[in-house]
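A.B. asks: After the structure tokens below, expect a handful of questions from me.
The values are calculated or read from the model by the stated rules, or taken from the named source; none is laboratory data. It should be emphasised that the depicted structure is a prediction, and the values quoted were computed from it without experimental measurement. Here the Cβ is made from the backbone with ideal geometry for all residues, glycine too, and neighbour counts use every protein chain on show. Surface accessibility is based on the protein's heavy atoms, side chains included, excluding ligands, DNA and RNA. Shrake-Rupley method; radii C 1.70, N 1.55, O 1.52, S 1.80 Å.
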Amino acid sequence: MKNQVEERFCEFFERWICQLDDYFHQLMQILSNERVKTVTTTHYCDNQQELQALIPKVTQHHKEYYAMKWALAHEDVFAFFSPVWLSPLETACSWITGWKPSAAFKLVDSLRANNQSTLAELTHDQVSQIEELRMKIKSEEEKVERDMERQQVAIADRKMVELSRLVFEVSGNQVSQVEELARVALNGLMAELEEVMKAADCVRFRALKGILDVLSPLQCVEFLAATCMLHIKLRQ
């Protein structure tokens, strides 16, 4: 049975995915228009305006996801480390409550390998900037992983284990004292996990935003369409 946080995020997540699917079709329509390219100036201007307006809408959509996630994680961070709204496949592909930031660069590499892709035409300067960003994000990923490992060690720490044992063994007035110690320890653990989750999300968004800052508007549209498609297909 789902608790209140799980119920609320499940409802939000379904709406979020539906909106992502809508943005995906809008992005693909722009790409389709570019491929058939009508040579009229009016069409070109209209398409450019639509393109320029859609990119920030999609990035804002991702920001809204993290805003809701952080708000509810403050109430129950454990829900995001064992998400009931994800399928087993989605959970298996998850890295600290979300997608792994370095996957965004693998997607760029995949698009670059396609001769029909606009990313196949990246300039030398663009490639250099993306490689620099890749190394920076990889370093940030490793830091988050070390922080997560520390939390996993803390969960199995001898003091935590001893507290858990005492909760079942003490009696009388000692029960409330031990329960209070356990509550304080658990709250501390939850706060630390929340910080690790937020750090992972920040790396995810920096990877996404950093790549978009390097690409041209049309390349941004193609990259965002590919990221949307991955989310949607994995969901399906």
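A.B. asks: Please enumerate the residues belonging to region 59-97 that are open to solvent by less than 40 Å² (accessible area, probe 1.4 Å), within 21 Å of C220 (Cβ to Cβ) and not hydroxyl-bearing (S, T, Y).
C.D. replies: Residues satisfying the conditions are H61, H62.
A.B. asks: From the list D213, D157, which one is under 30 Å from L27 (Cα atoms) and either of a type in the set (D, E) or modelled with pLDDT of 95 or more (or both)?
C.D. replies: Only one candidate qualifies: D213.
A.B. asks: Only one residue in Q29, Q60 is assigned to a helix (DSSP H, G or I), under 27 Å from the mean Cα position of the chain (by Cα) and modelled with pLDDT of 95 or more. Which one?
C.D. replies: Q60
A.B. asks: Scan A104, A113, A73 and give me the residue that is among the small types (G, A, S) and free of Cβ contacts under 8 Å to residues at least 24 places away in the same chain.
C.D. replies: A113
A.B. asks: Considering only residues that are of a type outside the set (S, T, N, Q) and within 17 Å of R204 (Cα to Cα), which ones fall in region 74-94?
C.D. replies: Across region 74-94, the qualifying residues are F80, F81, E90, C93.
A.B. asks: Here's a follow-up. Can you tell me which residues in region 102-112 are farther than 18 Å from S216 by Cβ and either touching a helix residue (DSSP H, G or I) at 6+ places or on another chain (Cβ under 7 Å) or at pLDDT below 95 (or both)?
C.D. replies: S102
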